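Visitor: Below you will find the structure I want to go over with you.
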Amino acid sequence: MYSSAKIIKKLQKPVLTYKDIPYNAALIFNAGVTKINGKYIMLFRNDYGDYENHKLDGTNLGLAYSDDGIHWKAEHEPCFAVSDKEIHRIYDPRLTVIDGKCYICFAMDTNHGIRGGIGYTEDFKELKIISLSAPDNRNMVLFPEKINGNYIRLERPMPVYSRGKDRFDIWMSRSP
């Protein structure tokens, strides 16, 4: 039987649920969390709709803040509404602070399939997208510092066209 280190304590309830969100929310999950300037910041996936009747209408990203990482206060509206004729939604954010900027890796559904994206924000009001992967890639994360002169990214390709031979491996990319 395995157990966690004594410093790790499991809470007996979620730190944020749809009831804590001051706008239409049904499912809160796959959050990215980081600490900037002494405050915890959570960017979470919100599948909104009618929780009680099991009906979902869409997805957006929400933003919440905490002083202790346990008690959270969500902003009054979703953030980073990213959609156009090509991009249907972004979701599953992962946060990494590098040189004072918060880089956000995310999954996105597009007209060309699931893609991974990287962007950054300095104010959590505007997301500047700097890179999009080829289709069938998702759930990327950046390491917070260079290794041997390179930034390192882990990613999980989603080979939807592999005809039953799917291998959901973790890949590693390097970039100067």
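Visitor: Tell me which of Leu154, Ile41, Gly69 sits at the most positive position along the dipole axis of the chain, charges placed on C-beta atoms (Lys, Arg +1; Asp, Glu -1).
Guide: Leu154
Visitor: Per residue of segment 54-63, in order, report the coupling 6.51 cos²θ - 1.76 cosθ + 1.60 (Karplus, θ = phi - 60°) as ³J(HN,Hα) in whole Hz, putting x for Gly and Pro.
Guide: The phi angles translate into 6, 10, 10, 10, x, 9, 9, 9, x, 10 Hz.
Visitor: Could you point to the label whose value was computed as mean projected area of the Cα convex hull in nm² for the structure here, given [x] 10.8; [y] 13.4; [z] 9.5?
Guide: Working out mean projected area of the Cα convex hull in nm² from the coordinates points to [y].
Visitor: Using a 1.4 Å probe on the protein heavy atoms, what percent of the accessible area of segment 10-67 belongs to carbon and sulfur?
Guide: Of all accessible area on segment 10-67, carbon and sulfur atoms account for 49 percent.
Visitor: Also: Report the residues of segment 73-104 in range of a label on Ile130: point 7 Å along Cα→C-beta, backbone N strictly under 18 Å from it.
Guide: Residues passing the 18 Å test: 93-104.
Visitor: So, one more: Per residue, how many Å² of accessible area does segment 24-176 show with a 1.4 Å probe?
Guide: Result: 58 Å² of accessible area for each residue.
Visitor: Rounding to the nearest 20 debye, state how big the charge dipole of segment 44-176 is about its Cα centre with +1 on each Lys and Arg Cβ and -1 on each Asp and Glu Cβ.
Guide: In total the dipole reaches around 720 debye.
Visitor: For segment 74-116, what is the charge dipole size about the Cα centre, in debye to the nearest 20, if Lys and Arg each add +1 at the Cβ and Asp and Glu each add -1 at the Cβ?
Guide: Dipole size: approximately 140 debye.
Visitor: If you take the charge dipole of the chain about its Cα centre, with +1 on Lys and Arg Cβ and -1 on Asp and Glu Cβ, which of Leu56, Cys102, Asn139 is farthest toward its positive end?
Guide: Looking along the dipole axis, the top candidate is Asn139.
Visitor: Filter the cross-link list Lys9/Lys55; Lys6/Lys146; Lys10/Lys39; Lys13/Lys35; Lys39/Lys125; Lys73/Lys128 down to pairs whose alpha-carbon distance in this structure exceeds 27 Å.
Guide: Where the Cα-Cα span goes over 27 Å, the pairs concerned are Lys9/Lys55; Lys6/Lys146.
Visitor: Quick one: putting +1 on the C-beta of Lys and Arg, -1 on the C-beta of Asp and Glu, what dipole do you get for segment 1-87 around its Cα centre, in Debye to the nearest 20? Intermediate values should be presented prior to the final figure.
Guide: Details: 11 positive and 11 negative charges, 125 e Å.
The dipole magnitude comes to about 600 debye.
The values are calculated or read from the model by the stated rules, or taken from the named source; none is laboratory data. Note that the structure is predicted; figures quoted are calculated from it, not measured. Here the Cβ is made from the backbone with ideal geometry for all residues, glycine too, and neighbour counts use every protein chain on show. Each accessible area value is taken on the protein alone, full model and side chains, heavy atoms only, with ligands, DNA and RNA left out. Shrake-Rupley method; radii C 1.70, N 1.55, O 1.52, S 1.80 Å.
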